[in-house]
Structure formats: structure tokens, C-alpha cells
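**Student:** Following this message is one structure expressed as C-alpha cells.
Derivation of every value follows stated rules applied to the coordinates shown; laboratory data play no part. Everything numeric here is computed off the predicted structure, so don't read it as measured data. A quick note on method: Cβ atoms are made from the backbone with ideal geometry, for glycine too, and the neighbour counts reach across all protein chains shown.
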Amino acid sequence: MNIVLRNIFLPGMLALLLVACGPGGNNNVRPDQNRFKNQGLSLYQQQDYFLAAESLSKAFEALPRDREVYIALLDSWLQLGEYARVWQLINQNDLAAPEVQIIEANLQQQQSGCDSVINLLSQFDTEVLSIDWQKRYWQILASCQQNLGEHLSAALSYISLSELVEDVITRQKINDTIVQNLIAVEEEALILIIGNETDALTQGWLEAAYIKFGADGISGEGWLSNWSDHPAANYFLDMNQVSSHQKVAVMLPFSGKFAEVAKAVQKGFLAAALADTKGLNELIFFDTGSAGENLSTVFYSAQEYQSDMIIGPLDKASIEVLEQMPEATVPIILLNQSESNYYQFTLSPEGEAEIVAERMVADGMKNVLIMAPNDEWGERMTKAFAQRFVDLGGQIKNNTYFQPEQNDYSAQLRQLLGLVESQLRAKNLQQFLKLPVNSEEVVRSDVDAVFLAAKPSFARLMIPQLKFHRAAELPVYSTSHVFAGLHNEQHNKDLEGVKFAVSPIELEPTALLEQLPFELKLVKSDKRLFAFGYDAYQLISRLGWMSRVHTGMVEGLTGNIRIGFDGKFSRELLWAQYRNGSIVPLTP
């Protein structure tokens, strides 16, 4: 019986020994091979990838099924930029591991973009990974989602990454990126996902994004009372006041040709300051002169006043003088365009022309005509619109300048709209057939819409003539400069059908009127300039916050205000249309 048992036992032991001595076992590993492995892994952990790759290559020759050696060797070559070696080894070895897929995803991201990366990373559960590999997983996934414009998914991935990071500075940068992605998410998408997240950290971020991180200065109070310890709290306006009391020097041209403009802007500043219940800011106004002649004195006076911030100048002449001055030690928000690196908040006509270009492309208008007055303003508007429109993939079929003082534009319009060519085609057909032909002139078919750069008087002449020359069905878009008030019935009828961008204060939506801390009807000066000063005041306490969040928004009287990475503020305007003598708001 004992002999029988030994005969059964010995073959089993032999099988186990054969397995142990095979490629996946370590019983047959020579000491020098183990030394290369241990040495290579130690160098890899120290991030000395060059020496690590040398030792790991030798270890891998003897241990091709050693998962730890294989992953470390692949990653060392990846860190050294030896992409060809990484691909070759992956293709030659069938040893599968989540870490290998992460390495492959990282490589694809660097070489060919993100299209296949997300699918590759969705094939396994991150729980099987070490913390370091989880960090790499979420970093690659999040950056690719952001690159592909999947901002909600990117934000959620960055949130997962932030939970794994201990370094305060690194976590802060990740949180900055979370905010930038969440601000880019459509409100509808946030509504659908809020409440579905069981993770408190994620839920807090989503709720913060829904109220735009307290951009209105009101909704943030409720959020902060519930989430005071949440990392998103650092991005709320109330948590980003530079100080409890700021001295602000405002530079405006109170003398000279821009005096009335300066006074209207000043009224906006003062109204905002009176409405500031916290009384955070102290304003002092300086006159830059009729052509910037006082700017130098004003500039040094503002600094002697120990200003925490300077707002202005407003006119180009003063800004040119400022650009020659030594760089200020405090933030400056210019109120006009400049080539300098200062912050810039403007009512730029060119900026509005770009807004119209974006709207027309969004509405599917890809082929357009440009019509503008033959003056410097018209040329600037044409250039700004055309550059932005073409950048967005549109095509300018023709641009024509008109003399504003001329009353009859028939000849130019017939040529521009293709009516002359239509008439010639009918005439040629009649001559060819030698028969009478009933024909009707038609507007060219290769145009989707018209961009009209116009002020009220020019627009009132142009729109009726466009309709007379068979272009009544051709959509016309314009900037706020075509708007002359809500209660101008004759003007409204002359501009039937025109779509235009407009500041909220001019359109006077009910929601805005209910929120204003003053009676809008009491504003007797230019409303746009008043709103410009009012919004400039709002930026005082929000500048640090907006510079940090970048895509953070302030709901202003001149529009929804954001700041770009170049320090220039942009405005998102409302849209309206002249219809049956009335002005009808349009959806965004």
C-alpha cells in the first residue's frame, strides 16, 4: 500500500517542481538575476529611470513573466521617451496588467491624442491599483476628457484625483482645474446630475458650480453655510475679498470732449458704491485731462494716496501716456483697449462685432455679406467681425462700405445682392430663345445672412432699402449700436426683423429690474455708460476671485462678465429682435 502511495505522490511532486522551475517561478532565479531585479526596482522607485532601465532590461531577459519587472521596465522607457521600445515590448509580450494599459494610454495620449485613451482606461477597476497608479490613471483620463471638451466628466475625474493627492500646492492646482471645467458645463447637465452623486465631496462641487460659485454675491451664503469646509469654498466671492476695505483710484477724463462720458461712468460708480451694503471700498476720482495731459500727475497721486487698485484711464490718449510710465505696483483695470498687459474692461465695439460673429455661426449662418459705413468705425467693425467669423469657419462673400450721408443705396445694393446678374441672366435667356420671358430678379443664393455694422440713422436708411431690393427674407444681424431705446416706435418699424446684441440694462428684463438696488428710471444719463461704471465697481472685490477662477462670471448690467487668461474681460450680451414695432427678447 505504501508503494502505491509513493507511485502516486512522486509524479505530483514532479509536476509541481516543473511548474516552479518554469518561466513564472523564481526558484530557479540566479542570485545575479535577482540582484538586477532588486537594483532596477530600487532605481525605478528613486525615479532614476536611465539606470533603472539598464538593470531592469537584464532582469527582464531572465524573468520575462515577472509582472513587477515588466511594468517597471515599460514605465522607465516611457519616462525616458523611448516610445518605440515601449510599443515593441507591449506588442511582443502578452503579460496583461492594468498598469500596462495605463502606460499604453499615456503613450497614446502623447503621440496620437485622446480619441482611444478613454476607452482603453474604461476596461478595468481602479481599486486594484496602488495609490500612485490611481493618480496616474485619473490624471490621464481627466486631461483627455478635458481635451475632448467633456467638461463634466473631466471635473468628476479631477475630483477623484484630488482625493488621492496630499501635497497642498498640487491639490490646489487640481482644484483650479475642477473649477474651470465645472464653469464650462451647461446648467441643464448640472441639474440632471445633482442629487445623483452619493459622494459628498462631488456633490458639494456640483452644487457650487450650479450657483456659479456665488457670482451673484447672494446665492453663495446658503452654500457656504452647508459646505464651509469644502474645498470649493475657496472659490466663492465672499472668500476672495482682497481686504475688508480697499482704496480705489478712478481715473476719468472729466475735462475736455469726453467729460459727459466720464460723468455718466462716474454716476455708475457712485450708484454701485451706495448699493454696497458692506461699504468695502473707498473711491477717489482723478481727472486725466482732455487728452491725457494730467495722467502723469494723476498716476503718482494715486500711488501716494496708497491705492490698492487703479481703475482707468478711459480715453486712448491717457492710456498711451500710462503705457510709457513705470509699471504700477497695484492692479490696474483699464477702461479701454490697449496692447499693454494691464487688465482691460471695455465697451469695445469690436468686441461686440466678435459676439455677433459667434452668434451667427451658432445660428448656422456660414456665408455672409458685410455692410458698414465708409468711415473708421465701420472699417474697425468690419475687420473685427470678419476675423472672428472666418476663425470660426465662416466665409465672407462680400463686404461693402456705404457713404453714411447718401440716401439712396440702390446701385450698390443691386450689385451686392446679385440682382444685376439675375437681370442679365434673364436677358441673355430671352435673346437665346428669341421669345418673351417672364422673369423676376432674385437675390443671390450663396448668402445666408448679412452683418450690418450700423448706428441708428444709417440702419434706418439701409433696412427698408434691403427689403425693397428683394432681400426681406435675408436675416440681418447687428450690434447694440443699432438700438435706440425701447420706446422708439418709428425706429423699431424701420428695423423690422433685425437681430441685435444688447446690454441687459438697455433691454430692461423684469428679473433685472427686480434685483436692482435703485430705480432704473432715475438714471438720466447714458444707460450703457452708467452700467459700465456700475459693473467696473463690481470688479473691485471680484478681481482676485475672477483671476483665480478665470472662467468665473459676474452677472453685470452690461452683460455676463468673464476674464480671459490674457487679463481681458469679455461680455456676454442678451439678444433681441425688432418685430412688429416691438423689441422681442431672443433665447441665448
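**Student:** Can you pull a Stokes-Einstein diffusion coefficient for region 31-200 at 25 °C (0.890 mPa s), Rh from Kirkwood over Cα pairs, as a whole number of µm²/s?
**Tutor:** It diffuses with D of about 140 µm²/s by this estimate.
**Student:** With a point put 7 Å past each Cα toward its Cβ, work out how far D229 is from K366 in nm, to one decimal.
**Tutor:** 5.5 nm
**Student:** Within region 378-411, what residues put their amide N at less than 17 Å from the label point 7 Å along the Cα-to-Cβ vector of E358?
**Tutor:** 384-394, by backbone N distance to the label point.
**Student:** Suppose R0 equals 35 Å; then what is the FRET efficiency for N196 and Q172 from their Cβ-Cβ distance, rounded to the nearest 0.05?
**Tutor:** 0.80
**Student:** A further question on this structure: What is the antiparallel percent of DSSP beta bridges lying wholly in the chain, to the nearest 5?
**Tutor:** Numbers: 16 of 47 bridges.
Antiparallel: roughly 35 percent of the beta bridges in the chain.
**Student:** If you don't mind, another one. Which order results if M365, M251, M462, M309 are arranged by neighbouring Cβ count within 10 Å, fewest first?
**Tutor:** So the residues, fewest neighbours to most, are M365, M309, M462, M251.
**Student:** Of T198, T587, how do they rank once you tally other Cβ atoms within 10 Å and put the fewest first? Don't skip to the answer; put the middle values down first.
**Tutor:** On the way: T198 7, T587 4.
With the sparsest Cβ surroundings first, the list reads T587, T198.
**Student:** Same structure, new question: Under a Cβ-only charge scheme (Lys and Arg +1, Asp and Glu -1), can you give me the dipole magnitude of region 31-200 about the Cα centre, in debye to the nearest 20? Please report the intermediate quantities before stating the final value.
**Tutor:** Details: 10 positive and 25 negative charges, 127 e Å.
It works out to roughly 600 debye.
**Student:** Here's something else I'd like to know. Would you mind calculating the relative contact order of region 285-393 from Cα pairs under 8 angstrom and at least 6 residues apart, reporting the percent as a whole number?
**Tutor:** Relative contact order comes out at 18 percent.
**Student:** Calculate, for N580 and S340, the FRET efficiency according to 1/(1 + (r/R0)^6) with r their C-beta to C-beta distance and R0 60 Å; round to the nearest 0.05.
**Tutor:** After rounding, the FRET efficiency stands at 0.80.
**Student:** Any idea which of S153, Y137, T177 is furthest toward the positive side of the dipole for region 31-200, if Lys and Arg beta-carbons carry +1 and Asp and Glu beta-carbons -1?
**Tutor:** Y137
**Student:** Name the residue farthest towards the positive end of the dipole of the chain from the options L557, L164, M309, assuming +1 on Cβ of Lys and Arg, -1 on Cβ of Asp and Glu, about the Cα centre.
**Tutor:** Going by the Cα projections, it comes out as L557.
**Student:** Rounding to the nearest 10 and keeping the result within 0 to 90°, find how far the Cα-based axis of helix 527-549 lies from the longest principal axis of the chain.
**Tutor:** The two axes meet at around 10 degrees.
**Student:** Here's a follow-up. Helix-derived [θ] at 222 nm for the chain: sum -39500 (n - 2.57) over DSSP H runs of at least 4, divide by residue count, nearest 500? Walk me through the numbers before you get to the answer.
**Tutor:** On the way: 25 runs with 300 residues, N = 588.
-16000 deg cm²/dmol, from helical runs alone.
**Student:** Run the numbers for T297 and S445: contour at 0.36 nm per residue of separation, minus the present Cα-Cα distance, in nm.
**Tutor:** My answer for the length gained is 47.3 nm.
**Student:** If you don't mind, there's one more thing I want to ask. Suppose R0 equals 22 Å; then what is the FRET efficiency for T400 and E496 from their Cβ-Cβ distance, rounded to the nearest 0.05?
**Tutor:** Using R0 = 22 Å, I get an efficiency of 0.55.
**Student:** Could you work out the relative contact order of region 31-200? I mean the mean sequence separation of Cα pairs under 8 Å and 6+ apart, divided by the number of residues, in percent. Before the final figure, lay out the partial values.
**Tutor:** Values: 162 pairs, mean separation 20.2, N = 170.
So the answer I get is 12 percent.
**Student:** Do you know the relative contact order of the chain, to the nearest whole percent, from alpha carbon pairs under 8 angstrom that are 6+ apart?
**Tutor:** Details: 871 pairs, mean separation 58.7, N = 588.
Relative contact order here is 10 percent.
**Student:** Continuing with the same structure: Please list 34-41, 537-544, 519-526 highest first by mean number of surrounding beta-carbon atoms within 10 Å per residue.
**Tutor:** 537-544, 34-41, 519-526
**Student:** Could you give the length gained on full extension between D408 and H245, defined as 0.36 nm per residue of separation minus the Cα-Cα distance, in nm?
**Tutor:** Length difference between fully extended and current span is 52.8 nm.
**Student:** Next question. About the Cα centre, and with charges only on the beta carbon of Lys, Arg (+1) and Asp, Glu (-1), how big is the dipole of the chain? Nearest 20 debye, please. Write out the running numbers ahead of the final one.
**Tutor:** Details: 46 positive and 71 negative charges, 253 e Å.
My answer is approximately 1220 debye.
**Student:** Whole-Hz ³J(HN,Hα) for each residue in region 499-514, computed from phi via Karplus 6.51 cos²θ - 1.76 cosθ + 1.60 with θ = phi - 60°, x for glycine and proline: what do you get?
**Tutor:** Those phi angles translate into 9, 8, 7, 7, 6, x, 5, 7, 7, 6, x, 4, 4, 5, 4, 5 Hz.
**Student:** Sticking with the crude label model, points 7 Å out along Cα→Cβ, report the distance from S112 to S457 in nm, one decimal please.
**Tutor:** It is 6.4 nm.
**Student:** Now for a separate question. I'd like the orientation of helix 2-20 relative to the chain: the angle between its Cα long axis and the longest Cα principal axis, in ° from 0 to 90, rounded to 10.
**Tutor:** That helix lies at roughly 40 degrees to the long axis.
**Student:** Continuing with the same structure: Please order S55, S255 by the number of other Cβ within 10 Å, starting at the fewest.
**Tutor:** S255, S55
**Student:** Follow-up. Points 7 angstrom from Cα along the Cβ direction at E282 and D94: gap in nanometres?
**Tutor:** According to this spin-label approximation, the distance is 7.9 nm.
**Student:** Further, regarding this structure: Using the Cα centre of the chain as origin and beta-carbon charges of +1 (Lys, Arg) and -1 (Asp, Glu), tell me which of F36, G418, Q337 is placed farthest towards the positive end of the dipole.
**Tutor:** The listed residue farthest towards the positive side: G418.
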